[in-house]
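The values are calculated or read from the model by the stated rules, or taken from the named source; none is laboratory data. This is a predicted model, so every value here is computed, not measured. Just the protein is used for accessible areas: all its heavy atoms, side chains included, with ligands, DNA and RNA removed. Shrake-Rupley method; radii C 1.70, N 1.55, O 1.52, S 1.80 Å.
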Amino acid sequence: MKYKFSFLCFLVCTSFIFAQQHTVNNSEKIVYMNYKHYKSWKKDHKKVIDSLGFFLDKGDTIIKVGGYESKGVEVPYEEKDSIFLDRYKQLVFNNKYQKKEVKLVPRMKIWKDEIKIFLDKSVDKSTSKELVDFVKYLDTQVDSLKISFVKDQEKSNYFIYALGNSDQVNLDPRITKMDGFYLQWDGKQNIYSCSLKINSQQNLSKEQIATNMKINFVRSLGYFYQDFDTFDCTSYFSACKSDQKEFDPKDLEILKYHYSYGICKGTNIETFEKNHKEAKESLKKGNTKIFFIHE
């Protein structure tokens, strides 16, 4: 007997399920899993799912399952080529430049809740306008990233201030350099607080001040590292010095991908690479659909 199946690969951030799904009478779900993922599902979930039979398909034992219910939202897997993924991994996981003796294990970080920005009075009007225009642009371009401005600092979770000389008070001593940012995140790698310091010294032009501020703001949206040789020097993510920095379409693509729910969130590089490897292998089999389930 020849079977014709359209497989669905569900990548849940805590487990990995390779399955096909049918709906019977618009209510009952019938799912087919290979044996490996059927065992994994039985082990990780308290809810009982029943095996209704099995068959062989291309060397795999496929289990017919009843009583399966997926919790959460199913989002199609967002496939990218290896060149893009190498760039992305450097910015998020710093895998290329980390020293082996350093035990820090970077994990993907996002702002899950709305970013509410409070601008301190030390930020001049022209710099504030540059940021407001830039933020409005990002807010319309990047899914799942919500940004607004508030007039009450107590209602904010993102504080921005400027420092022009040594006589002024550094409003966040945790930022020791002339400019930069300080982030806080929870155990799920969701960022919930940030302070951003603008270097407004007189020897810098207004354009330089605004550009440096926007670069730090973009980096604070994912605790992004900078790159020394993969990106063009004009990229916001490039560490090289340039007076021609520009937030270009490639930079926007990085940010859009980071906030896309076609990938898992909060992972380390090993899990990230494992998910992509298994997803790409599934796609190669043909007639396959792949989803992430965000619970």
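Summary table below
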quantity: Compactness relative to 2.2 N^0.38 Å, alpha carbon Rg of region 204-251; calculated: 1.06
quantity: Calculated P(r) of region 168-294 - Cα pairs past 21 Å, %; calculated: 54
quantity: Cut-off under 5 Å, modelled amide H: who pairs with Phe149 long-range; calculated: Ile117
quantity: For region 173-295, accessible area per residue (1.4 Å probe, heavy atoms of protein chains only), Å²; calculated: 50
quantity: Greater than 32 Å apart at Cα, pairs in Lys39/Lys80; Lys89/Lys197; Lys146/Lys197; Lys89/Lys151; calculated: Lys89/Lys151
quantity: Whole-Hz couplings from phi, Karplus 6.51/-1.76/1.60, listed for region 139-149; x for Gly and Pro; calculated: 4, 8, 9, 10, 5, 6, 10, 10, 9, 9, 10
